[in-house]
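Only one structure is covered here, and it is reproduced in the block below.
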Amino acid sequence: MIRLAMPLVSLALSVGFLFFTLNMTKSRVGDPNGPLYFPAVVGIFLLIMSIIYFIQEWKKRSEAMEELRGLVQGRTPLLIVSSLVLIFIYAFLFERIGFLFSTIIFLGGLLFVVNGREKWLQNLLISVIFSIITWYSFAELLNVSLP
């Protein structure tokens with residue numbers, strides 16, 4: 001059912017666009033409906049595309065349930081939860097210890113979760129080098145004040 005949310009929003013927007021287009025004021029000069037033609041064609045095109053989009057997603061709705069089931073299996077829940085925890089820790093530490101050290105901790109933790117302990121040297125080097133290059137680029141080259 002989640003897959004159908006965007007097609008329904010698209011359908012509602014196209015119907016609203018057509019409604020407001022057809023309620024535009026008529027032109028006083030020349031053809032009174034002249035200003036309505038182009039927006040009406042666009043609205044009809046949007047409506048047709050929204051209907052096609054809805055039908056396509058309706059046919060795929062069973063695939064979405066399989067994807068959702070696959071999302072809660074394996075390492076995926078661990079990756080999601082640990083990423084969220086690391087984001088909150090990063091937000092908490094950012095003002096307290098500054099950009100450089102909090103980014104090293106965040107990126108290092110995230111890399112250890114994704115790559116594992118086997119690649120500890122690679123994780124450590126990437127987190128330290130990336131953080132230093134980013135800090136140097138903003139603080140020294142661009143003169144942006146970082147905490």
Could you grab me the full set of residues in the stretch 1-30 that are open to solvent by 100 Å² or more (accessible area, probe 1.4 Å), in a loop (DSSP other than H, G, I, E, B) and either of a type in the set (Ser, Thr, Tyr) or closer than 17 Å to residue 47 by Cβ (or both)? 25
With the condition kept exactly as written, say whether any residue in the stretch 47-56 is within 28 Å of residue 6 (Cα to Cα) and either touching a residue at least 60 places away in the same chain (Cβ under 8 Å) or of a type in the set (Lys, Arg) (or both). no
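The values are calculated or read from the model by the stated rules, or taken from the named source; none is laboratory data. Since the structure is predicted, the reported quantities are computational estimates derived from the model, not experimental observations. Note that each Cβ is placed from the backbone with ideal geometry, even for glycine, and that neighbours are counted across all protein chains shown. Remember, those area values only see protein heavy atoms, side chains included, never the ligands or the DNA or RNA. Shrake-Rupley method; radii C 1.70, N 1.55, O 1.52, S 1.80 Å.
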